[in-house]
Amino acid sequence: MLFGRTRKRFFHPQIVAITCFALVLFLPFISPAQRLPIKTYTVGDGLAHNNINRLVQDAKGFLWIATSEGLSRFDGYGFTNYGTNDGLNHIFVNDIAVDREGNLWTATNGGGVSRLLDEPNENETSAARKKFVSFAIADGGEPNGANRVNRILFDAENRLWCLTDSGLYRAKQIAVAERDFERVIAAPTKPALLTAYAAFADSRGRFWFSINAQAVEFAGGKRFDYEPYLEVNKSAAETPADLNLDAFAEDENGYIFASDPQSVYEFIEPETEGGRGSWRKLSFERQPSQYLRTIAPATNGGLWIGTLSGLMHYGDGRETLYTTANGLSVNDVTAVFPDREGNVWIGTRGGGVNKLTSETIVSYTVAEGLPFSDVYRFIADRDGTLYAQTGCEPQKIVRIGADKVSVIHNSEWKNGRCYNTHLLQDSQRRWWFSTSYGLWVSADAPALDFKNGRLLTAADNGLPESAAAEMYQDADGKVWLVNIDSGNIVMADAKLPGTPHFEIVAQNVPAQRILSDAGGTIWLAGRDNLWRIRNGQTIEIKSIENLPRIEPRCLFEDSRGRVWIGTRYNGAIVTDEPEAENPRFVNYTPADGLTSGAVWTISEDDQGKIYLGTGRGVDQLDTTTNKIRHFTNDEGVIGSVINHLLKDKQGNIWVATDLGISRINPNTVRIETKPPPILIDRVLIAGEELPLAETGVSALTTPDFSANQNNISIHFVGLSFQKENALRYEYKLEGADNDWSAASRQREVAFANLGAGNYRFLVRAINSEDTRSEQPAVFAFQILRPVWQRWWFVLAAILIFGGMIRFIYRRRVSRLLEMERVRTRIATDLHDDIGANLTKIAILSEVAKQQSGQNSSGNGKDNLLGSVAEISRESISAMGDIVWAINPKKDSLIGLTRRMRQHAEEILQQRDISLEFDAPVVEADIKLDADIRRNVYLIFKEAVNNIIRHSNAAAVRIDFALVDKELILQISDDGKGFDKAREYDGNGLLNIKKRAEDCGGQLEIDSTANAGTKIVLRLKLKSAVWVWR
């Protein structure tokens, strides 16, 4: 076990007493230290427990943390915790390992080993399913020491090895099974349990295990046992009980190291391959309380060593110890893990997890010795020692050492201008200090002590006033004083010995910043104005292109001779022709990537990169690529308002802020070139969670969703532990919108009421260097149409509807055929029976009339018989019309035309009335409804009959036509006409009008006395348009 029980060598009463005594002894002499960019995560942030046993990063990029009360997974934003409810057999997790197939395993302190079930069971919900499957090493549960697994690893065959309290075990099969292990090395008999816990696989395929003080190597099928302490201490009979091996590590050069509580050993490779090597002890200073716990390789070379009293960095023959004074949560370091992005994760006992971003940036605050949190200006003396102006009223000067700051005594002066430079050392090593009372100039003493010197006031040696807003020394050794209130620009030649003499160079120039460029031009910046002094002439630069107001706040000349000007609201402007009459400027603003438009200070590193101190942090500008890098609080830059930037002789950039001091080492700044991986870790479909891999997926394809599952919420995460809070995300939903969204820090997106169709959701992460994920995470899905819109439903509906139409049609056709048969039968019966009988009556009446006429003449019987014959003939004619009307074979336009022509010719020719009948022939016959055919014919017949009875016409013209689906019947005569306003006793005209209305036609009657009559019938047909010849 690791920390399940008290570990004797760390918590023995004598050791605890020595440790406490050492801490008490050394505490009074501890100097304020540099603060590293360390961020702490504890149970308050969601961590399972504050005692950390192991740290591992999996293939996807998640950080896994073994704690004393469960397993935690960190994605850069929050923790996901696992315990016995999730399938772990024991809550105490000692170790974590990833096998050759990418599966994550844990070693527990009494429950054997557990494997993460990353892929979900589709039959279980995310909340209900077990997330781990566990395997006991042996029978007996926790009391059996074999189930208290301290370290695990996988060999080249992917076989599991377990270092337990009862010895070293190995799985019999590659597929791990319950209690299917064999013991390779038994636990020593003294002590009864293993008291060392280290297992390590190196880059050469060798496996290392610690068995108390022994280092056991498995290489090429061979086993080698070492005892480093005895190899180094030749005269020792045995290794002390408290000096068992705790850890192995391999550095970036392939060197193997091991550590016990007092020493670190380096493995000396064998001279021949497959032979036996040896060990040597590394030499470094260690305090008595610095019991070593663990070791890990450092990415910038050397080793990280976790101790009971802090984190040590060993490299290049020197060691640096970081403690709570540097930002650690506690000093007891139990695990160290460098991740793939260069961060160092530090597990502690009782203090949770600390993340050390880098050693690039260190900081000083009030906790590290600053008298005030506000720092306004840096000053470097001729030897490179750095000083800072802190506070305002009063102001104190501090000296910045290698690991501490110290206040300069007697430096509490009032000057009234917090943001200006009030201290400098001239070329004669004299110190100048501007105060509200006058100008203090020291004697020739390089050390700043404010003891020896003279206070110069107004009128002393030409000094026009006691106070100065800003002091500046040019390359020629001249000291310049500017006063924004008086507008005086004063200069003194500091190269001359003795008390300096002052000369007014310009007046009425309210400047607060001054710069002398390489060409000798003096640049002056006021609140709103910008001037240059050239050849003794003070010239104002009244405007700069694209800047409504200049409002300069700082001046800087870089190594290329370019002059930079920081402005209040418009970023930074730069010119590479400072000596030109009208210099042209280039403007860098937030639109180009600056974090703020307020640029208060500017500096440059040895690589020529420009540093801009803004109201929201430090920006690094590479003018060759125009790429801008932001230094954030996560990296260790404290504060946000940057008051001053200064490069020291070592090339470090010092940052004065509203919360203290930070130092940036440009040589170790990491550039985020690796794109952050992106995963989809949660999907909700209509409020129900979709089963996903426990650690998320980069590509997801699901079964089709129904039409009512069209509300989808997708959660995603970019895995980066370097400025993770700066990650932004872009997404798009192909099928709805093919454009990427605007980048934002939002990690969840919801789509409501999606229509049916195929969709592809893509999302990618963007880091602070604007590097995007190489491959976006993809979620492909299809939302089905509603049942009534699906092809099979539509096809079925069409078939059913078609069937119904066919059924109705066939039924209608059947009825029509039946009706036609009835009509045909009626017509036949009328023609054959009644027609025959009427004909007989007519013939018999004629015969009777003839016989009667032979016997007698002129009697009334002849008239009666003639009437009977006449009525019979008329009935026969009417019946013929009825038979024609109901005969379905006559339901056609051609049939109607023929009938009308026949009737007109028969009746008109008998009366010697000429007939002109115009009825064009059609290409094909047109079916007419029986009622329409009958009404049209009866209208025609009534009109013709009226002509015969009433018109006295000599000629009749009939026009019958079909034009654009409209029947037009026109009947005109040259008879006597009639008065349409007069009422007549007959029903002929009324019948005509009534029949026209019944068939939906329009009737027009035009008649004038002695001018004939014209009847026009117009009737719209519903049938298709037929083309006339």
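Using alpha-carbon pairs under 8 Å, 6+ residues apart, how would you state the relative contact order of the chain in percent?
It rounds to 6 percent for the chain.
How long is the gain from ARG682 to LYS1020 if the chain were fully straight, where each residue apart is worth 0.36 nm and the alpha carbon distance is subtracted?
114.9 nm
May I ask you to sort LEU386, LEU282 by Cβ crowding, counting other Cβ atoms within 10 Å and putting the fewest first?
Numbers: LEU386 20, LEU282 15.
Final ranking by Cβ density, sparse to dense: LEU282, LEU386.
Could you give the length gained on full extension between LYS234 and ALA518, defined as 0.36 nm per residue of separation minus the Cα-Cα distance, in nm?
Details: separation 284, 0.36 × 284 = 102.24 nm, distance 6.68 nm.
Residue separation times 0.36 nm, minus the Cα-Cα distance, leaves 95.6 nm.
By counting other Cβ atoms within 10 Å of each Cβ, how are LEU969, LEU990, LEU1003 ranked from fewest to most? Let's see the in-between values first.
Numbers: LEU969 23, LEU990 10, LEU1003 18.
In increasing order of surrounding Cβ atoms, one gets LEU990, LEU1003, LEU969.
Taking all pairs of distinct Cα atoms, average 1/r, flip it, and tell me the Kirkwood hydrodynamic radius of the range 695-785 in Å to one decimal place.
On the way: mean 1/r = 0.0720 Å⁻¹.
Final number for the Kirkwood radius of the range 695-785 is 13.9 Å.
Using amide H atoms built in the peptide plane, which far-off residues or other-chain residues are under 5 Å from LYS965 H to H?
Answer set, sorted by chain and number: TRP1026.
Given bins 5 angstrom wide, list per bin the percent of all Cα-Cα distances in the range 207-309, short to long.
3, 12, 23, 26, 20, 11, 4, 1, 0
Taking the beta-carbon count within 10 Å as an exposure proxy, list HIS49, HIS313, HIS950 from fewest neighbours to most.
On the way: HIS49 22, HIS313 19, HIS950 16.
Arranged by neighbour count, lowest to highest, HIS49, HIS313, HIS950 become HIS950, HIS313, HIS49.
Counting other Cβ atoms within 10 Å, keep those with at most 15, restrict to DSSP loop, and tell me which trypsin sites (Lys or Arg not before Pro) in the range 727-790 are left.
ARG745, ARG790
So what is the calculated 222 nm ellipticity per residue for the chain, using -39500 (n - 2.57) for each DSSP H run with n of 4 or more, over all residues, to the nearest 500 deg cm²/dmol?
That calculation yields -5000 deg cm²/dmol at 222 nm.
Find out how many positive minus negative residues lie around ALA298, taking Lys and Arg as positive, Asp and Glu as negative, among other residues whose Cβ is under 10 Å from that of ALA298.
Cβ neighbours under 10 Å give a net charge of -3.
Treat each spin label as a single point 7 Å out from the Cα along the C-beta direction, and report the ASN725 to LYS927 distance in nm.
A separation of 8.4 nm, rounded to one decimal place.
For ALA750 and PHE801, what is the calculated FRET efficiency with R₀ set at 41 Å and r taken between the beta-carbons, to the nearest 0.05?
0.55
If you add up the charges near TRP531, with Lys and Arg at +1 and Asp and Glu at -1, over every other residue whose beta carbon is less than 12 angstrom from its beta carbon, what do you get?
Overall, the nearby charge balance is +2.
Grab the beta carbon distance between TYR77 and ASN410, set R0 = 45 Å, and tell me the FRET efficiency rounded to 0.05. Could the numbers behind the result be given before it?
Numbers: r = 50 Å, r/R0 = 1.12.
Efficiency computed from Cβ-Cβ geometry: 0.35.
Indicate the gyration tensor shape class of the range 892-1029 (rounded, prolate or oblate), computed on the Cα atoms with a ≥ b ≥ c the square roots of the eigenvalues: a/c under 1.5 is rounded; otherwise a/b larger than b/c is prolate and the rest oblate.
It is prolate, given that a/c is not under 1.5 and a/b is the larger ratio.
Which three extents, in whole angstrom, do the alpha-carbon atoms of the range 246-303 cover along their principal axes, largest first?
So the extents along the principal axes, rounded to whole Å, are 40, 23, 18.
Which three extents, in angstrom, do the Cα atoms of the chain have along their principal axes, listed largest first?
Rounded to whole Å, the extents work out to 179, 94, 47 Å.
Among ALA1011, ILE907, SER951, pick out the residue whose Cα is farthest towards the positive end of the charge dipole of the range 892-1029, where Lys and Arg carry +1 and Asp and Glu carry -1 on C-beta, about the Cα centre.
ILE907
Tell me, what HN-Hα J-couplings in whole Hz come from the Karplus equation 6.51 cos²θ - 1.76 cosθ + 1.60 at θ = phi - 60° for each residue of the range 647-658, using x for Gly and Pro?
Once θ is set to phi - 60°, the couplings for the range 647-658 become 9, 8, 5, 8, x, 6, 9, 9, 10, 9, 10, 6 Hz.
Assuming a ≥ b ≥ c are the square roots of the Cα gyration tensor eigenvalues, decide whether the range 285-352 counts as rounded (a/c under 1.5), prolate (otherwise, with a/b larger than b/c) or oblate. If you can, show how the numbers build up before the last one.
Numbers: a/c = 1.73, a/b = 1.10, b/c = 1.58.
Cα axes put the range 285-352 in the oblate bin.
Only Lys, Arg, Asp and Glu count, each charged at its Cβ (+1, +1, -1, -1), so figure out the dipole size of the chain about its Cα centre, rounded to 20 debye.
2500
Could you size up the charge dipole of the range 892-1029 around its Cα centre, putting +1 on the beta carbon of Lys and Arg and -1 on that of Asp and Glu, and report it in debye to the nearest 20?
Dipole size: approximately 300 debye.
Between GLU271 and ASP485, how many nm apart are label points set 7 Å from Cα along the C-beta direction?
Between GLU271 and ASP485, the label points sit 8.3 nm apart.
Under a no-solvent Debye model with one identical scatterer per Cα of the range 697-743, what's log10 I(q)/I(0) at q = 0.18, 0.30, 0.33 Å⁻¹?
So the normalised log intensities work out to -0.81, -1.28, -1.28.
Evaluate Rg over Rh across the range 366-668, taking Cα atoms for both radii and Kirkwood's formula for Rh. Provide the component values of the computation, followed by the final result.
Values: Rg = 18.5 Å, Rh = 19.6 Å.
We get a ratio of 0.94 for the range 366-668.
How high is the FRET efficiency between PHE372 and LYS222 when r is their beta carbon distance and R₀ equals 45 Å, given to the nearest 0.05?
0.10
Considering the zone a paramagnetic label at ALA736 would reach in this model (a point 7 Å from Cα along the Cα-to-Cβ line), which residues of the range 673-705 have amide N under 18 Å from it?
680-690, 700-705
Report the net charge of residues surrounding ALA996, where surrounding means a beta-carbon distance below 10 angstrom and charges are Lys +1, Arg +1, Asp -1, Glu -1.
Value of the local net charge: +1.
Please give the contour-minus-distance gain from ALA177 to GLU818: 0.36 nm per residue of separation, less the Cα-Cα distance, rounded to one decimal in nm.
Working: separation 641, 0.36 × 641 = 230.76 nm, distance 8.42 nm.
Between ALA177 and GLU818, full extension yields an extra 222.3 nm.
For LYS1014, give me every one of the lysines with a C-alpha distance below 21 angstrom, ignoring sequence neighbours fewer than eight places off in its own chain.
The reachable lysines, counting only those whose Cα sits under 21 Å from LYS1014, are LYS941, LYS976, LYS980, LYS993, LYS994.
Rule-based calculations on the coordinates, nothing more; no lab input. What you see is a predicted model, and the numbers here were worked out from it, not measured in a lab. Quick reminder, even Gly has a Cβ in these numbers, built from the backbone with ideal geometry, and neighbours come from all protein chains shown.
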